[in-house]
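The values are calculated or read from the model by the stated rules, or taken from the named source; none is laboratory data. What you see is a predicted model, and the numbers here were worked out from it, not measured in a lab. For neighbour counting, all protein chains shown are included, and Cβ atoms are generated from backbone atoms with ideal geometry for every residue, glycine included.
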Amino acid sequence: MRQPQLFDFKALVAGVDEAGRGPLAGPVVAAAVILHPERDVDGLDDSKRLSAARREQLSRVIKKEAIAWSVAWADAAEIDVLNILAATMLAMRRAIIGLAVPPDGVQVDGNRLPDLCFDNRQLRGECVVGGDALVPAISAASIIAKTTRDDMMVQMDRIYPGYEFARHKGYGTEVHRARLREYGPCEQHRRSFAPVRLAG
């Protein structure tokens, strides 16, 4: 995996990634992780390449071994007000703010950085396209964001059982679209997304 390019060896660099930009329901979740330089976490990879069981296992290890980690989100109502890109950036910013140890900089999966000005201090940032498979800290953030969001959708399924959120995690599967047509949107649906708007 590649090493940080913008930061010196001793810098504390947080990897940042999100989960849930594409679904029709639920929050977009972001995580920030500062890995310990002397405690390797074996098996880190893009969360989409890992089984659910492996993600859960790695998530527990990451949380135990990392210098700091944080998870945050923007909910469906915020997504509808802001748009999904702005809501994603907000969730990432919230995750960075939530770190118990302030980072010297961040590496973010993708091609956009959130606002990195905190208390009149501008953090350095680097965008890494495909970073969830290239940079260990971003991989770790990808895993925590994904497992957290999946857990949230399972909990949501218990409140709104008709939509089968635990099964599809809010993505626009045929089952989900069928339930949308049958029941209409619930409070957790993103009404600014066309399939939800048309179903409502």
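Across the range 167-200, the number of residues qualifying as touching a strand residue (DSSP E or B) at 6+ places or on another chain (Cβ under 8 Å) and at positive phi comes to 1. Of the helices (runs of 4 or more DSSP H) lying entirely inside the range 94-200, those containing at least 3 residues that are free of Cβ contacts under 8 Å to residues at least 12 places away in the same chain and surrounded by fewer than 16 Cβ atoms within 10 Å (Cβ to Cβ) span 136-159, 174-183, 194-199.
Between Ala91, Ala137, the distinction of being modelled with pLDDT of 95 or more, farther than 24 Å from Arg54 by Cα and among the hydrophobic types (A, V, I, L, M, F, W, C) belongs to Ala91 only.
In the range 113-146, of all residues being more than 14 Å from the chain's Cα centre (by Cα) and charged (D, E, K, R), the one that is farthest from Asp45 (Cα to Cα) corresponds to Asp119. If the condition is being of a type in the set (Val, Ile, Thr) and either in contact (Cβ under 8 Å) with a residue 60 or more places away in the chain or in a loop (DSSP other than H, G, I, E, B) (or both), then the range 34-82 contributes Ile34, Val41, Ile62, Ile67, Val71, Ile79. Residues that are within 13 Å of Ile96 (Cα to Cα) and either at pLDDT 95 or above or among the acidic types (Asp, Glu) (or both) within the range 106-118 comprise Val106, Gln107, Val108, Leu113, Pro114, Asp115, Leu116, Cys117, listed in sequence order. The condition (being within 14 Å of the chain's Cα centre (by Cα), of a type outside the set (Lys, Arg), assigned to a helix (DSSP H, G or I) and surrounded by fewer than 17 Cβ atoms within 10 Å (Cβ to Cβ)) is satisfied by just one residue among Leu85, Leu90: Leu85.
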